[in-house]
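Worksheet: the structure to be examined is printed underneath.
We did not get these values from a lab; they are worked out from the coordinates using the rules stated. These numbers were taken from a predicted model, which means no experiment stands behind them. Heads up, the Cβs are rebuilt from the backbone with ideal geometry, glycines too, and the neighbour counts pull from every protein chain shown.
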Amino acid sequence: MKQKNPLIRTAALGCVMAVIAGVLVFRMAQLQLVHGADYAEASERKTLRSYTENASRGEIADRNGTALVSNSVGFVIRFDYYTWDKERQNEVIAELTGIVSGAGHSYYDTLPVSAQPPFAYTYESADSGDGAYLYKFIAQQEGWPAQPEAQELLELLCEKYGIDDPSLTDAQRRAVAGVRYEMQRREFSSYTPYEFCEELDVDTVALIAERLGELPGVSIAVDDVREYRTEYAAHILGRVALISPEQYEELKDEGYALNDYAGRDGMEQALESYLRGIDGERSVETNIDGVVLSEFISKEPEPGDNCLLTIDLALQKAAEDALADTIENLRENARELSGGDVEGGAVAVLDVHTGEVLAMASYPTYNLATFSQDFAKLNEDELRPMYNRAIQGTYPPGSTFKMVTAVAGLEEGIVTPETRIRDKGVYMYYAPDYTPACWLYRKNGGTHGNINVSQAIKYSCNYFFYEVSRLLGIDNLNKYAKQFGLGQKTGIELSGEKAGNLAGPESREEQGRRWELGETLQAGIGQTEQLFTPIQLCSYIATIANGGTRCRPHLLKEVWNYSYTEKLFEVQPEVVEQVSMSEETRQAVFEGMLGVTTDDGTASSYFRNYPIEVAGKTGSAQTVAGKRSDHGVFVSFAPYDDPEIAVCVVGEYGGSGGNMAPVALAIYNEYFGFNRPQAEEQSGVN
């Protein structure tokens, strides 16, 4: 067989190798010279991550546009899952908690165990809130006791999370365990960054920034934080806070994430749907080492709407200051059982024609700007400063209820404006079993003589209203009380409003007891089990003042877009009841209430020479006889001849309604401009 020429084979092999070499050179030239920059950039770009770009929350202002709550730039400390060092996480948390708490700030930690030994549980209930979540968490852990002691729980958590550094104190171990527990509760993951704390001052942020190299996974972000522009109206405005896992379950279908903020209480909560904007999206490019190559807004956030409230900040200030001053003055100067043991109080001020809340105060109060720092102290205060007495406190109305009895008696034909009843001091209809007496008889053995309904209101004659109440019967009496909205929620926007209690067979049946006929006498003068909130009492007086139209009290006035260029919504008065009240009835009640503030009425010392006529009624609601002062209640409206506003003031153990009248006086001075300098009046300032 003939063999091939070796030269030919060699030449062919050389040609193939030359072609391969040419292809390689061409490809290398293409990669390095033509597309080199593109591929170099591509080799660095490893991940594109998306983060939420928070939308600015809408502002809250008073009825005049004065800012109450707005936004400012603040710092937020977050943990990033992608760069989080799981091997060193306990060390990082211990360092970070030390920096933050050492600077006097707080961080998110809902583990209901005290921060310092000896450790104890701090939850209010094991069936709700943080307590309920804790026991749900415990039940999910294999081999854990169902109800461990607090110290035992801490040891179990340290074992679970590998917190075994012997250099840590018990308090530091508790701090680390609390954060790890919170991270698990908030489902820290690549989808859910963990927010450690917010609202830090610049100095604390600088301390953390200096140590970021030692704190892998920790980042500092700039974000909007709520700025409280006033120290007043805390109970009205409320707070914004990180949503709880329980809230998340309710809100997740509305687009909320576990690290979102929402209104926790007050109007921040009530107006959440207006104030909350629509979050955008920020995209971040990083290389394999986590170095940020670029970032950009891929979806612009849409800010929330601005809300104007019905309150007037100047009037709110006058109400809060006067309430605080009056209570403090009573504590210092009142006699025993005459208001010296006063505790707290509340004020409500309404526009009588619209139901707009012009001011609403609760004392003691707190400062929203320092709430986080003050929380522990506020929570331990026996006077409960976070408790909104204006809508949650329920008090016997005392004699301020007598206008209900008067209206019912007049409208049902039990009495006319001219009917006179002789006050005999002791009411004997149910004798000998029950013989209540008028307050004047108990005081000095005197009586009010022959008086009509207007005089009975003026002098607060119990005997007159005993007789009218008996003739009316509890059903007729309560028919009118319900029309005035007493013993039922007003429907104001704030959460937590109490309904109180309207005394009678209905409420007594719920207690499994029977209503006795003689108790109707006490119900008719605002005693027995009558319990109403200050906002209810104010709404009732506003209804009398306008002739019988009861409007729902409300705090929202208008909603505007974020730039204040378009009004989106305006609240209209909502009539919820029309009380049966003739002009003749209205006039008789008006005259009686005017008598309270003039001549020798029970509040005349404050209003006798006032520039405008004020109609009012004092009430002293009995508490523990011989041990505590009576509750003091004062209700009023002004001007008498053309009512504009109604005011209710309540003092817990305030001694008498007259003791609370100075608060109303200060409110009227502000509303009508009587406390402004003469120069302002002459220059046309109003």
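So what is the relative contact order of the chain, in percent, for Cα pairs below 8 Å that sit 6 or more residues apart? Display every interim value, and only then the final one.
Details: 1375 pairs, mean separation 99.0, N = 686.
With pairs under 8 Å counted, the relative contact order is 14 percent.
Where the centroid of each part is defined by its Cα atoms, how far is segment 612-674 from segment 465-503 in Å?
When both Cα centres are located, 20 Å separates them.
Please state, as a whole number in µm²/s, the translational diffusion coefficient that the Stokes-Einstein equation yields for segment 81-188 at 25 °C and 0.890 mPa s, with Rh defined as the Kirkwood radius across alpha carbon pairs. Don't skip to the answer; put the middle values down first.
Numbers: Rh = 14.4 Å.
Reported coefficient: 170 µm²/s.
Any chance you could get the radius of gyration and Dmax over the Cα atoms of segment 312-380, in Å?
14.7, 42
Please list, or write none, the lysines whose alpha carbon is within less than 27 Å of the alpha carbon of Lys252, excluding same-chain residues fewer than 8 places away.
Candidates past the 8-residue exclusion: Lys136, Lys299.
I'd like to compare 639-648, 149-158: which one has the highest average count of other Cβ atoms within 10 Å, and what's the full order after that?
639-648, 149-158
Could you give the semi-axes, largest first, of the ellipsoid that matches segment 366-456, computed as the square roots of 5 times the alpha carbon gyration tensor eigenvalues and rounded to whole Å? Each step should come with its number before you reach the end.
Numbers: eigenvalues 399, 65, 28 Å².
Semi-axes (√(5λ), whole Å): 45, 18, 12.
State which entries of Lys458/Lys627; Lys489/Lys557; Lys377/Lys443; Lys479/Lys617; Lys443/Lys479; Lys377/Lys617 exceed 31 angstrom in Cα-Cα distance in the structure shown. Intermediate results must be reported in sequence, preceding the final value.
Numbers: Lys458/Lys627 28 Å; Lys489/Lys557 20 Å; Lys377/Lys443 43 Å; Lys479/Lys617 22 Å; Lys443/Lys479 33 Å; Lys377/Lys617 37 Å.
Long pairs (Cα-Cα over 31 Å): Lys377/Lys443; Lys443/Lys479; Lys377/Lys617.
What full-extension length gain, to one decimal in nm, is calculated for Ala369 and Thr419 as 0.36 nm per residue of separation minus the Cα-Cα distance? Could the numbers behind the result be given before it?
Numbers: separation 50, 0.36 × 50 = 18.00 nm, distance 5.72 nm.
Stretched fully, the Ala369-Thr419 segment lengthens by 12.3 nm.
Can you give the FRET efficiency to the nearest 0.05 for Leu251 and Asp475, using r as the Cβ-Cβ distance and R₀ = 45 Å? Present the calculation step by step, with values, prior to reporting the outcome.
Details: r = 45 Å, r/R0 = 0.99.
So, using R0 = 45 Å, E works out to roughly 0.50.
In terms of the ratio Rg/(2.2 N^0.38 Å) built on C-alpha atoms, what value belongs to the chain? Numbers along the way, then the final one.
Working: Rg = 35.0 Å, N = 686, 2.2 N^0.38 = 26.3 Å.
This ratio for the chain stands at 1.33.
For segment 203-251, just the Cα set please: Rg and Dmax, both in angstrom.
Computed over the Cα atoms of segment 203-251, radius of gyration and Dmax are 16.5, 43 Å.
Segment 557-632: which GluC sites (Glu not before Pro) are DSSP loop and have at most 16 other beta-carbon atoms within 10 angstrom? Please list the in-between numbers first.
Values: sites: Glu558, Glu566, Glu570, Glu574, Glu577, Glu583, Glu584, Glu591, Glu613; in loops: Glu566, Glu574, Glu613.
Passing sites in segment 557-632 are Glu566, Glu574, Glu613.
How tilted is helix 6-29 with respect to the longest principal axis of the chain? Cα atoms for both, answer in degrees (0 to 90, nearest 10).
Compared with the principal axis, the helix lies near 30 degrees.
Please give the Cα centre distance for segment 100-130 versus segment 141-172, rounded to the nearest Å.
What the calculation gives is 15 Å, centre to centre.
Nearest 20 debye, what's the magnitude of the dipole of the chain about its Cα centre given +1 on Lys and Arg Cβ and -1 on Asp and Glu Cβ? Please list the in-between numbers first.
Numbers: 59 positive and 102 negative charges, 183 e Å.
Dipole size: approximately 880 debye.
To one decimal place, what Kirkwood hydrodynamic radius in Å is obtained for segment 307-458 from all pairs of distinct Cα atoms?
On the way: mean 1/r = 0.0511 Å⁻¹.
The Cα-based Kirkwood calculation yields 19.6 Å.
Could you check what % of the DSSP bridge pairs in the chain are antiparallel, to the nearest 5? Write out the running numbers ahead of the final one.
Numbers: 78 of 81 bridges.
Within the chain, antiparallel bridges account for around 95 percent of the total.
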